[in-house]
Structures are given as C-alpha cells and as structure tokens.
Amino acid sequence: MCTSTQNNILFVAGGTGGHIFPALSVYNLFKNVNSNLYFATDQRGIKFEEVSKINPFLINALGFERKKVIKKIASLILLILSTIKAVFLIKKNNIKIIVGFGSYVQVPVVLAALVLKKKVILHEGNAVMGKANRLFWKYTKVRTSAFNLKEQFPDTIQVGMPVRSQFLELNKNKYKPLSSKGLFTLLILGGSQGSSLLSYSLAKVIVKLPKKLKDKLIIFHQVRQDHLLSVKELYDSNYIKSNVVSFFKDIKNCFNKASLIVARAGSSTIHESIMAGVPAVYVPIKNSVGNHQYENALVLKNNNAAWLLKEEDIDNGLFIKSISHIINNPELLKKFSLNNKSFRKPLAAKKLKKLILSLEDKSV
C-alpha cells in the first residue's frame, strides 16, 4: 500500500470532451506540485490520447436515466461493483482528495470516497446541476461551478470553466468578423461524440445560401467520419472553400480564424468560444439530460452573447435566414463578441487548483 506523505489526488471525469478537457486542464497544473496524481474515467475517456498516456483507472458505469427496467437493474449492479473497486483503488493508493467533474462515472468513486471519509471537491460545468453532482453536492467539502448557480445553490463557488491551455492564449485576441482578404470563416463543430445533424444535414442547408454569400465563405467543418467524403464533395460541387475533417489537430488555429461558430451547446465548447471571443450559433441536443445544453446556450442568448436555434430550425429555413443576417452584419458580430467576452474567467483552472490545495492540511 502507498504510504507517501505527498498529496494523493484522484481526478474523475466522464468520457466526453465536456468532462475530460476541464479535468485535464486542472490536472496538468499539478505536474510541478508535490503530489501523486491519479485519473479515473470510463471506456470513452481512454480514447482521448492525452488521457490514455497517463494510464487512468477504468471505471465501468452505466447511466440510470431513461433506461428500461432491466438496464436500470444492470446499472445498479454495476454501481455496486464499481464502488467496491473504487474503495480498493482509493485505499491502495492512499488517495486523500477526489476531484469530480460530473457524469455518472464519478458516482461510484465519490460514493467510495465519502464512505472512506475522504475529501471531495466537485465542479459543475453546466447551467443546470447534473444529477451525478446533485446527488453528492451537500456532502462534499468544496462545490464549484462554471456558471452562476448561487441562486439555487448558495454555497457554490463560481470559478468558471477550466479550458485547454491553448485557448487561454486566445484570451487577448482582437476579434475580426472578416479576414484580411474579406472572407467570412465559419467554424462548425459537431462535438466530441460527433453529430449527424451538424455534419451532412447541415452542409446540405448551407449550400442553399445565396451565391454572393457562398463566394465570401470559407468553412472549417468537423464532421462524422462516415460523412467526410460526402460533405467535402457537397462543398466542392457548390464552389465553397472548405476544410472538412473528422478531427481538428490544430483547434486553436481554427478558433483564431473563425468569424462565427456553429456548435452544440456543451459547456466546454461554449467556454472555449468565449475565451476566443468568437460569437456562436448554438444548436442544443434536443434530448440532453436535464435539457442542460439548452440552458447553457440560453444564458448567453439572454445576454446578447450568442444565438440559440433548435434542431428543427436547421431544416425549416430559420438557420439559413439567421446565418445570412449574421454574415451581413459585421457590427452585430462585434457586439456579440464583446458581450460574450464578459463571461470570460481565464483563471478558472488556477482557482480550482488553489481550492484543491486548500484541502491539504484541513482535518476531515
């Protein structure tokens, strides 16, 4: 058993970019701190190269919401087994502090931590509290959030959303609606799990833009792998300049060039857009748990910092109408860029790090 006097800290994150990226942003700040670091995620999380390199603990868990009875029973059985595994891992590695970033993956780990009377700090990335965090919120040492949740949860510390280090470098960029050549750069992101609606379906609508707009347009489009060739061919046949990929290796450069972003409304995507100062049109996933994507985007919409469209607006003509209006109004884009910058919290990761370290010498 590990008996080190160093801080043994376990980061827990579900396997989507919205959980992984914030967790890694804080995790990486501890590399030069006198701490033993551990990371836990699910099978999806291991697909992220940076996560796989740190040899994370694999936690098997299934979501409970919207499942049939048999799957709910399976979920509960797996929860029990994963909690026992988490107890073993925490004791074996003498984990002292557990940092959770939401999703059902953290449930067995945080449950085990509380049973063992370990210190737990949670971070909620969305504008509405997720059930995995809500379940343990009042039992943890420190509770933090990306959005302002104090009205419903007064004891919450709003630190902001930790974002990838390359996006922090965009913090001082001056937003420009058009490139030096007068081109309007549209960046379309489908999310870390890929989105069918924001792949080929969206491309079929974009090519219906008036010719004068298509001529000034350059598109950077992240699509599903199986839509790659069809989307590229669609843009080429309509003489639209494009860069179509399934994954952007240099995502920072894409944000740096973007005039407008079209994306789902996951919290990481929203806060990275905010950090880059780029206005966005958000199309929330219709069936996101707790409708959290809609609520995320609504915060910005209500502050004239982003546009919010429903999934059905892609095909009913509202998307084309909105995009045409936005492209033709650079001053409106500048206004929205300025408004979304007011949500910036570039010190989020550092503040979380400070709060984690503040737990070191406190008694349980």
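Quick look at the numbers
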| quantity | calculated |
| --- | --- |
| The stretch 100-122 residues that are in contact (Cβ under 8 Å) with a residue 40 or more places away in the chain and more than 24 Å from GLN158 (Cβ to Cβ), paired with ones that are open to solvent by 50 Å² or more (accessible area, probe 1.4 Å) and charged (D, E, K, R) (beta carbon under 7 Å, 6 or more apart) | LYS118/LYS96 |
| Exclusive hit being over 23 Å from the mean Cα position of the chain (by Cα), more than 25 Å from LYS334 (Cα to Cα) and either of a type in the set (Phe, Trp, Tyr) or buried (at least 18 other Cβ atoms within 10 Å of the Cβ) (or both), set LYS204, LYS141, LYS118 | LYS118 |
| The stretch 136-147 residues that are assigned to a loop (DSSP other than H, G, I, E, B), paired with ones that are hydroxyl-bearing (Ser, Thr, Tyr) (beta carbon under 8 Å, 6 or more apart) | ALA146/SER267; PHE147/SER267 |
| Of residues in the stretch 217-247 being charged (D, E, K, R) and buried (at least 16 other Cβ atoms within 10 Å of the Cβ), the one farthest from ASP313 (Cα to Cα) | LYS232 |
| Enumeration of residues in the stretch 301-328 that are open to solvent by 50 Å² or more (accessible area, probe 1.4 Å), outside any helix (DSSP H, G or I) and over 27 Å from PHE147 (Cα atoms) | ASP315, ASN316, ASN328 |
| Residues located in the stretch 282-300, provided they are assigned to a helix (DSSP H, G or I) and closer than 18 Å to ASN340 by Cα | GLN293, TYR294, GLU295, ASN296, ALA297, LEU298, VAL299, LEU300 |
| Listing of helices (runs of 4 or more DSSP H) fully contained in the stretch 9-93 that carry 1 or more residues being of a type in the set (Phe, Trp, Tyr) and within 25 Å of LYS351 (Cβ to Cβ) | 17-27 |
| Within the stretch 94-129, tally of residues that are assigned to a loop (DSSP other than H, G, I, E, B) and more than 20 Å from LEU24 (Cα to Cα) | 7 |
| Number of positions in the stretch 56-77 that are more than 15 Å from GLY14 (Cα to Cα) and either surrounded by fewer than 17 Cβ atoms within 10 Å (Cβ to Cβ) or at pLDDT 95 or above (or both) | 12 |
| Output for the stretch 330-342, where each listed residue is among the polar types (S, T, N, Q) and open to solvent by 50 Å² or more (accessible area, probe 1.4 Å) | SER342 |
| One residue from VAL278, VAL231 being touching a helix residue (DSSP H, G or I) at 6+ places or on another chain (Cβ under 7 Å) and touching a residue at least 40 places away in the same chain (Cβ under 8 Å) | VAL278 |
| Residue match in the stretch 156-164 (condition: part of a loop (DSSP other than H, G, I, E, B), among the polar types (S, T, N, Q) and either open to solvent by less than 10 Å² (accessible area, probe 1.4 Å) or at positive phi (or both)) | yes |
| Residue that is most open to solvent (accessible area, probe 1.4 Å) [pool: residues in the stretch 255-300 that are polar (S, T, N, Q) and over 17 Å from PHE220 (Cα atoms)] | ASN287 |
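The values are calculated or read from the model by the stated rules, or taken from the named source; none is laboratory data. Owing to the predicted nature of the structure, the values given are computational and were not obtained by experimental measurement. Using ideal geometry, Cβ is built from the backbone for each residue, glycine included, and neighbour counts are taken over all protein chains shown. The protein model used for the area step is the full one, side chains on, heavy atoms only, and it has no ligands, DNA or RNA in it. Shrake-Rupley method; radii C 1.70, N 1.55, O 1.52, S 1.80 Å.
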